[in-house]
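Every number here is computed from the coordinates shown, using simple stated rules; none is lab data. What you see is a predicted model, and the numbers here were worked out from it, not measured in a lab. Neighbour counts run over all protein chains shown; Cβ positions are idealised from the backbone, glycine included.
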There are 2 protein chains.
Amino acid sequence: MVGLLSLRELGELGIIQIVEQSLGSSSQAFVGFGDDISAVRIQGNQVAVLKTDMLVGSTDIPPGMTKRQAAWKAVVANVSDLAAKGVKPLAGLVAMGLPSNLKQSDVQQIARGLSEAARAYSFPIVGGDTNASEDLVLSIALFALAPPKRLVLRSGARDGDVVAVTGKFGSTAAGLKALISYEMLPEELPRELYNAVYRPRARLDVGLKLATSRALTSSIDSSDGLAWSLHQLSESSEVGILIEDVPVSNGASAFARKHHLRDVDLALYGGEEYELVVTVPPRNFSRAHRAARGSLTRIGVVTGKFRGVSMKSEGTIRPVKKKGWEHFRSQ
Amino acid sequence: MVGLLSLRELGELGIIQIVEQSLGSSSQAFVGFGDDISAVRIQGNQVAVLKTDMLVGSTDIPPGMTKRQAAWKAVVANVSDLAAKGVKPLAGLVAMGLPSNLKQSDVQQIARGLSEAARAYSFPIVGGDTNASEDLVLSIALFALAPPKRLVLRSGARDGDVVAVTGKFGSTAAGLKALISYEMLPEELPRELYNAVYRPRARLDVGLKLATSRALTSSIDSSDGLAWSLHQLSESSEVGILIEDVPVSNGASAFARKHHLRDVDLALYGGEEYELVVTVPPRNFSRAHRAARGSLTRIGVVTGKFRGVSMKSEGTIRPVKKKGWEHFRSQ
């Protein structure tokens, strides 16, 4: 290979492909690259679930976000991936890169945000590593245990399954657009958008209950955007997905009306929104809905008739773009 | 707390203290902050051993080091901590922050270095995360399993124990000094110094054999410098350490002679040298020595008569400074 492409030309997916090819797939890996988490078999019919996700200051911290909120978000991003698989975190580590212009109070804020998030999701952070760096970096790693069959992977969706989501979409995209494109201040954001951007929550409780119900065939979190997540499910499960409706948050709808945007675009092509996107055989849907305490909304169906993701709207079917947050290209 | 101190004033230890205090100690943590690894109890009288160590381009990559070597070193730094505890890595994760000026070939080199190191220490890298960042960041996390009693912690050294090390010291310090202070080129370094800087190795085999021999009372790796590691053992075990001799590498001795330096300073106050520093009751020493295939050198004794670390040299006893590589202060 010549290797002259820039990272922007390669894109995040191109980079991941190089790394995965070089590291190879391991026979010890029960789940390797290409799902929300990784897992290795250990004794006693258990798998160790391993997850790492890195928050980088220059790309992952929106304007106006405090260090405490950034640290909270770094943890939430990791917990959300475990939530999508139905697994409870048992312990976490944090490796930090801290720019030298930070102050003692910044470190206190980061420590507080980490601590609050770990407490909110009931696991201890038991170790870490501290480094000087040019960029603020918070790299979290989580550990969990599960019986292998408990894990709800991306690959199990089947023709005829219902596609469903938790929550409503678009608040984060609307909030980020308000902050970045319209230069609004955090305190000017409606509460729904403010909370989505600065105080996101992982759907751990619902994820655990859904996995316990054994009603799901596949699951992913929506952190790279709803459209992106649907495409991932479609590719991993080798099926098509037909979307009929997307639940848009009131805040995103109002923002879209005011700024003459399509609210469904905010809902589909956002990101940093930590909802769950799942598939359920129709006969299991009411069980899943009960397990999720009513927080599951049907948005479409899985189909064997085509591949990819399409959306039915006003009588016509149009493809949903594979677009979302992709590092190196989206910036 | 007012929090006005700069990170340089706080130092790495001050930062770690803030983070540890905020995160608190957890009842689930069998080993928390303050040792080479962390560990949590799981079922079946096992602990899950967790480790994360981050390599940062602007501080951890010496001049002339290739991306492939940097990736190798990032893995070695993590494996070395497991080696010191006597634990074999079972699986790893890698979270990467990549500056946008890197090329495809850099990513290929990084992937190759990660892959070579993982293969050298016989574990798979099963997942990861890719991000854009201003600094090159390779954050590795390792997972292992062990019976709790197998872990050789920093806290077990007792009055009368022998202090011993693997390998000889000073090559990395001499090599880095040659590159940075004397602006030598990598190819001008003697092979011993070149290998120490660009191709360090973790003492995993010896660490595993020593733990299996059950001869040790405490252990640490020397990655922050020999003097620093001895101080850590002294503090964690609440004992004093009297050093009588330090094995200096031939390369470091020759370099010291040529540049009118004290070779023992290169050996004591270096860092990024991945040897093991252990304590052994005298009755176990020959067993430990056999287990380590002769690669263990006695350098001093543990004493209850004082705290801290001192060195006997030419008839007088002088304190060994608690000095080594400390992020935020050493740069």
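Here the 3J(HN,Hα) profile of the stretch B:121-131, calculated from phi with Karplus coefficients 6.51, -1.76 and 1.60 at θ = phi - 60°, is 10, 6, 9, x, 8, 9, x, x, 8, 10, 9 Hz, Gly and Pro shown as x.
Take A:ASN250, move 7 Å from Cα toward the beta carbon, and the resulting point lies 7.9 nm from the same point in each other copy, nearest first. Phi angles of the stretch A:141-148 translate, via the Karplus equation with coefficients 6.51, -1.76, 1.60 and θ = phi - 60°, into HN-Hα couplings of 10, 10, 10, 8, 10, 7, x, x Hz per residue; Gly and Pro are given as x. Ranked by the mean number of other Cβ atoms within 10 Å per residue, highest first, peptides B:274-281, A:143-150 order as B:274-281, A:143-150.
In the elastic network of chain B, a GNM with C-alpha springs shorter than 10 Å, the most mobile of B:GLN21, B:GLN69, B:GLN108 is B:GLN21.
When you restrict to C-alpha pairs under 8 Å that are six or more residues apart and normalise by the size of the stretch A:29-150, the relative contact order lands at 38 percent. Arranged from fewest to most other beta-carbon atoms within 10 Å of their beta carbon, B:HIS289, A:HIS260 become A:HIS260, B:HIS289.
Counting pairwise Cα distances across chain B, what percent come out greater than 31 angstrom? Distances greater than 31 Å cover 31 percent of the Cα pairs. Over the protein assembly as shown, dividing the summed -39,500 (n - 2.57) contributions of all DSSP H runs of at least 4 residues by the number of residues returns a 222 nm mean residue ellipticity of -11000 deg cm²/dmol. Take each residue of peptide A:36-49, count the partner chain Cβ atoms within 10 Å of its Cβ, and average: the result is 4.
Compared with the direct C-alpha span, the chain from A:SER155 to A:GLU235 gains 28.0 nm at full extension, assuming 0.36 nm per residue. Scanning residues 5 or more positions from B:GLY270 or on other chains, those with amide H under 5 Å from its amide H are B:LEU226, B:ALA227, with H placed 1.01 Å from N in the peptide plane. Placing a label point 7 Å from the Cα of B:THR316 along the Cα-to-Cβ direction, the distances to the matching points in the other copies come to 9.1 nm, shortest first. Remark on B:ALA132: its backbone amide H falls under 5 Å from those of A:PHE328, B:LEU98, a criterion applied only to residues 5 or more positions apart or on other chains, H modelled at 1.01 Å from N. In terms of overall dimensions, the stretch B:257-324 has a Cα radius of gyration and Dmax of 14.5, 41 angstrom.
Average partner chain C-beta neighbours within 10 Å, per residue of A:166-177? Taking the mean over all residues of the peptide, I get 0.
When only alpha carbons are used to place a centre, the stretch A:69-104 and the stretch B:180-236 end up 30 Å from one another. Using the Cβ of A:THR166 as centre and a radius below 13 Å, the other residues enclosed give a net charge of +2, where K and R count +1 and D and E count -1.
What net charge is computed for the residues neighbouring A:VAL320, neighbours being all others with C-beta under 11 Å from the C-beta of A:VAL320, Lys and Arg scored +1, Asp and Glu -1? Here the count lands on +4. Each copy carries a label point for A:GLN28 at 7 Å from Cα toward Cβ; from one copy, the others' points are 2.3 nm away, ordered from shortest. Both radii are taken from the alpha-carbon atoms of the protein assembly as shown; with Rh as the Kirkwood radius, Rg/Rh is 1.00.
Along the stretch B:36-52 the Karplus relation, 6.51 cos²θ - 1.76 cosθ + 1.60 evaluated at θ = phi - 60°, assigns HN-Hα couplings of 5, 9, 10, 8, 10, 5, 10, 5, x, 6, 10, 10, 8, 9, 10, 9, 9 Hz to successive residues, with x for each Gly and Pro. Comparing B:ILE220, B:ILE299, B:ILE16 in a Gaussian network model of chain B, where Cα atoms under 10 Å apart are tied by springs, the biggest mean-square fluctuation is seen for B:ILE16. Charge tally around B:SER133: other residues with Cβ under 9 Å, Lys/Arg +1 each, Asp/Glu -1 each, net -4.
DSSP beta bridges fully contained in the protein assembly as shown are about 80 percent antiparallel.
Here B:SER181, A:SER237, B:SER234 are placed in order of increasing Cβ neighbour count within 10 Å, fewest first, which gives B:SER181, A:SER237, B:SER234.
Backbone amide hydrogens, once placed in the peptide plane, bring B:ASP53 within less than 5 Å of B:ILE140, excluding anything fewer than 5 places away on its chain. Using Cα pairs closer than 8 Å and at least 6 residues apart in sequence, work out the relative contact order for the stretch A:1-57, in percent. Value for the stretch A:1-57: 17 percent.
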